[in-house]
Amino acid sequence: MTEQINKTALIKMSKPSIDWNWQVEASTLKNDPNNLKKALLAIDKPVYLAELNDAIAVSHQTSNTSIGAAQVLAFAQAVNAEDLGSDEFKKAHGVKYAYHGGAMANGIASVELVIALGQAGFLCSFGAAGLIPDVIEDSIKRIQAALPNGPFAVNLIHAPSEEALESGAVERFLKLGVDTVEASAYLGLTEHIVHYRVAGLSQNPDGGVHIGNKVIAKISRTEVAEKFMSPAPQKLLDKLLAAGKITPLQAELALTVPMADDITAEADSGGHTDNRPFLTLLPTIIQQRDQIQAKYNYKTPLRVGAGGGIGTPESTLAAYNMGAAYVVLGSVNQACVEAGASEHTRKLLANVEMADVTMAPAADMFEMGVKLQVVKRGSMFAMRANKLYELYSNYPSIEAIPAVEREKVEKQIFRQNLDQVWDTTKAFFHERDPEMLARAKHDPKRKMALIFRWYLGLSSRWSNIGETGREMDYQIWAGPSLGAFNSWVKETYLADYQERYAVDVALHLLTGAAYLARINQLKLQGVSIHSSLLNYQPAESFLSV
């Protein structure tokens, strides 16, 4: 067979690399462009390539007879969207797909988003971070009413400067029977995350350990990953025992299981991120998992997923091919109809390009200098937040800030006198966490931090509710994956932000990944495929089928 069958062929072969010893009926073979694409898109059916009239054609079925049959030259198996990723992940969380809608704070990963994805067989985390316990409880009850048997998770964020929020969230989770949390932004284990995990442990009749409270730990550092991959530390177990929060049996069982069931290697994501590329982070964390599994020999090994930097079928497939048990998407979901973001924000997100993101100080870890990734297109938040951190770093108190500088931030950022901001801040923390005020009373540096955090905290709320007049101050968390997604769907119906529904987006990403997996199978067998067949683009909504 010649290297090029004909000049118009969309699929060519240099030389068959495998003798499949299969045949297809010539009458079932199709080689016109429309049928070629259609056959490859039918991902639930195998594809067989054979020669027909000096060209490569496709069929979905083999033949049991040699009469009128053609020799199979290459083959691609059926790859459904639900076939991708770890079967263990799907079984553990009761889902159809190895795809996780990640938590986005302040309810951006909304009740509606969690329910929509959950009803379609996807796991999604409610964005509880930044919300007070009463709001969290009400939201959980709404989700439970719609998804009485799951699946859903709730975010538990490390709050080093507001410990009461973390402990309050755990109390509500245990009270309401939340059986899965997504732990994020942790610098190390706290008493509260250990309490949640261990309080759900019990012993099976066969002596094994039943893990009632599952933990998905989102990490980007190996030292933090190791803590979640290891059993709970004895020091914290002893503290919880002394407080009567766990039983002696639970403390004993805790030493035989890891602190998490799933580890999400969080790469270049929106929000808290170390901007690690997942091409380097994911294999490192998988290797670390294997080393710790060899050390502890857990009955059920931890699973490692990938989040951050994923926004196209190509990156989705890359994560699975690199060993990710599941993929996590956040930035892309924030632009969807169900997200708890304002219409102005969602419209803005639909036009973000890869370079339209930057780093800015995080409200919850402001004093520590921790930064998160936000959108810089259409907002001055990053520039203004960085200015506040510069002032915080250079001066010991509000009073020490030069009058000219103070006047600028009052006029341009706060739009009111800083003394008024402090009065509002005091009222806020008096209700939310009075201990914060007690610590700031004799610490002018801490008082300054709380005042500056007023702006950092409200700016994300303004974005969510669409605060008129504050558009240039919107704090919108997103990573470059959103820009990649927008580029991918630019010429499709998903370019319209009003058409972006989370389930539809997820199915297109997974279907596209499955389609590309089949393309790669054919390439490995010596098949040369025309560029018009090498990519997948959303043609119509899965929700309208």
Out of CYS336, ILE263, PRO205, whose Cα points farthest toward the positive end of the dipole of the chain (charges: +1 Lys, Arg; -1 Asp, Glu; placed on Cβ)? ILE263
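Pairs of alpha-carbon atoms within less than 8 angstrom and 6+ residues apart define the contacts here; what relative contact order does the chain have, in percent?
Values: 1048 pairs, mean separation 86.3, N = 545.
Across the chain, relative contact order equals 16 percent.
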Please work out the Cα center distance from region 140-160 to region 304-367, rounded to the nearest Å. 20
Using θ = phi - 60° and the Karplus form 6.51 cos²θ - 1.76 cosθ + 1.60, what ³J(HN,Hα) does each residue of region 486-492 get, whole Hz, x for Gly and Pro? 4, 5, 5, 9, 3, 9, 10
How about LYS426: which aspartates and glutamates have a C-alpha closer than 16 Å to its C-alpha, ignoring those fewer than 8 places off in the same chain? GLU162, GLU435, ASP443
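Go through region 287-380 and name the trypsin sites (Lys or Arg not before Pro) that are in a DSSP coil and have 10 or fewer other Cβ atoms within 10 Å of their Cβ.
Numbers: sites: ARG289, LYS295, LYS299, ARG303, ARG346, LYS347, LYS371, LYS376, ARG377; in loops: LYS299, LYS376, ARG377.
Passing sites in region 287-380 are LYS299.
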Starting from the Cα coordinates of region 38-84, work out the convex hull volume and express it per residue in Å³. 76
Taking the Cα centre as origin and putting +1 on Lys and Arg beta-carbons and -1 on Asp and Glu beta-carbons, what dipole magnitude results for the chain, to the nearest 20 debye? 420
Set of aspartates and glutamates with alpha-carbon distance to LYS490 below 20 Å, sequence-local pairs under 8 removed: GLU314, GLU343, GLU353, ASP356, GLU499, ASP504, GLU540
Sequence gap at least 6, Cα distance under 8 Å: using those rules, report the relative contact order of region 211-328 to the nearest whole percent. 26
Among GLN416, LEU388, VAL404, which residue has its Cα furthest toward the positive end of the charge dipole of region 273-431, with +1 on Lys/Arg Cβ and -1 on Asp/Glu Cβ? LEU388
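I'd like the carbon and sulfur percentage of the solvent accessible area for the chain, probe radius 1.4 Å, heavy atoms only, ligands and nucleic acids excluded. Kindly include the intermediate steps, with their values, before the conclusion.
On the way: 11530 of 23040 Å².
Answer for the chain is 50 percent, counting heavy atoms of protein chains only.
Under a Cβ-only charge scheme (Lys and Arg +1, Asp and Glu -1), can you give me the dipole magnitude of region 331-387 about the Cα centre, in debye to the nearest 20? List each step's numbers first, then the result.
On the way: 7 positive and 6 negative charges, 48 e Å.
So the magnitude is around 220 debye.
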Could you compute the net charge surrounding CYS124? Neighbours are other residues with a C-beta less than 12 Å from the C-beta of CYS124; K and R count +1, D and E count -1. -3
Taking the Kirkwood radius as the inverse of the mean 1/r across Cα pairs, report the Rg/Rh of region 437-507. 1.22
How big is D, in µm² s⁻¹, for region 77-199 by Stokes-Einstein at 25 °C and 0.890 mPa s if Rh is the Kirkwood radius over C-alpha pairs? 166
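Over region 357-458, give the accessible area per residue in Å² for a 1.4 Å probe, as an integer.
On the way: 4990 Å² over 102 residues.
Here the per-residue accessible area is 49 Å².
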Value of [θ]222 nm, deg cm²/dmol, for the chain, DSSP H segments ≥ 4, -39500 (n - 2.57) each, nearest 500: -12500 deg cm²/dmol
Would you check the accessible area of GLU540, probe 1.4 Å, heavy atoms only, in square angstrom rounded to 10? 120
For region 200-311, the spread of Cα positions along each principal axis, largest first, Å: 43, 28, 22
Please give the Cα centre distance for region 81-134 versus region 419-483, rounded to the nearest Å. 28
Could you pull the Cα extents of region 239-374 along its three principal axes, largest to smallest, in whole Å? 54, 39, 30
Cα-Cα pairs of region 261-323 separated by more than 14 Å (percent): 56
Could you tell me whether region 134-228 comes out rounded, prolate or oblate from its Cα gyration tensor? Rule is a ≥ b ≥ c as square roots of the eigenvalues, rounded for a/c under 1.5, then prolate if a/b exceeds b/c, otherwise oblate. oblate
So how strong a dipole does region 287-344 carry about its Cα centre when Lys and Arg Cβ are +1 and Asp and Glu Cβ are -1, to the nearest 20 debye? 480
Positive-pole candidate from PHE126, VAL178, ALA146, dipole of region 120-179, charges at beta carbon: ALA146
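Report the equivalent ellipsoid semi-axes for the chain in whole Å, largest first, defined as the square roots of five times the eigenvalues of the gyration tensor built from alpha carbon atoms. Don't skip to the answer; put the middle values down first.
Working: eigenvalues 455, 172, 69 Å².
Semi-axes from the Cα gyration tensor: 48, 29, 19 Å.
Shape call for region 192-255 from the C-alpha gyration tensor, a ≥ b ≥ c root eigenvalues: rounded (a/c under 1.5), prolate (a/b greater than b/c) or oblate? The partial results should precede the final answer.
Values: a/c = 2.09, a/b = 1.37, b/c = 1.53.
In terms of gyration-tensor shape, oblate.
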Hey, which aspartates and glutamates would be in cross-link range of LYS141, C-alpha to C-alpha under 13 Å, not counting anything within fewer than 8 residues on its own chain? GLU112
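Stokes-Einstein diffusion coefficient for region 129-184 at 20 °C in a medium of 1.002 mPa s, Rh from the Kirkwood formula over Cα pairs: what value in µm²/s?
On the way: Rh = 11.4 Å.
Stokes-Einstein gives a translational diffusion coefficient of 188 µm²/s.
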Can you tell me the Rg and the Dmax, both Å, for the Cα atoms in region 1-155? 24.0, 73
Give the span of region 182-227's Cα atoms along each principal axis, as three whole-Å numbers ordered largest to smallest. 37, 18, 14
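The values are calculated or read from the model by the stated rules, or taken from the named source; none is laboratory data. Being a predicted model, the structure only gives us computed values, none of them experimental. As a convention, Cβ positions derive from the backbone with ideal geometry for all residues, glycine included, and neighbour counts pool all protein chains shown. Ligands, DNA and RNA are excluded from the accessible area calculation, which covers all protein heavy atoms including side chains. Shrake-Rupley method; radii C 1.70, N 1.55, O 1.52, S 1.80 Å.
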